[in-house]
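What follows is calculated from the coordinates using simple rules that are stated; it is not laboratory data. In this text, all values refer to a predicted model and were calculated from it rather than measured experimentally. So basically every Cβ, Gly included, is an ideal-geometry build from the backbone, and we count neighbours across all protein chains shown.
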Amino acid sequence: MRLLTTLALTLAGLLAGCTSVGTLVPGQSTQADVRARLGVPTETRKDRGGDDLWEYAGGAEGHESYLVRIGADGKVKEVTQLLTEERLMRVVPGRTTRQDVRDLLGRPSEELMTGVGETWSWRYLVNSLRGHLVVSFNPDGTVRERGAVIDAIYYDSAN
């Protein structure tokens with residue numbers, strides 16, 4: 001029974017974290033509001049314009065990563081879901097760099113080194129199907145190729 005209670009509380013906490021993103025209002029919510037609703041960010045950094053970027057990677061199933069942009073006034077400018085095919089399509093082979101990919105898609109779920117170079121992947125969810133966004137790099141640090149792959153095991157069980 002104690003295990004069931006612990007699992008229920010954990011699930012409730014994870015679900016609460018997912019819904020809290022939607023309660024942030026650009027131009028109104030403050031840095032303190034973000035911290036109170038989402039907790040400690042996975043990573044923080046500054047962009048070229050001086051805004052604070054707080055990344056919340058993972059989500060309950062690892063399929064969501066949000067970036068909260070906070071201006072110099074301490075207010076939220078925007079909240080962005082990073083793991084989308086639309087954002088992946090902004091990655092241009094031969095031109096986009098590792099840092100550009102990191103800024104577009106956030107921290108990867110996996111980083112692999114193979115005989116042909118480095119590959120990063122992110123778990124994502126599209127139309128209730130689980131998959132991976134995948135980006136491979138050339139030796140010069142530019143993107144070699146990018147794509148989205150649906151996990152066959154989940155595709156078969158969804159049909």
Can you sort D151, D73 by how many other beta carbons sit within 10 Å, fewest first? D73, D151
How high is the relative contact order of segment 24-81, in percent, counting Cα pairs under 8 Å that sit 6 or more residues apart? 35
Ranked from fewest to most other Cβ atoms within 10 Å of their own Cβ, I70, I150 fall in the order I150, I70
If unit charges are put on Cβ atoms (+1 for Lys and Arg, -1 for Asp and Glu) and the dipole of segment 35-118 is taken about its Cα centre, the option from G117, Q99, A72 lying farthest towards the positive end turns out to be A72
Dividing the convex hull volume of the Cα atoms of segment 24-81 by its residue count, what figure in Å³ per residue is obtained? 74
Quick check: pseudo-label points 7 Å beyond the Cα along Cα→Cβ at T84 and Q99, how many nm apart are they? 2.5
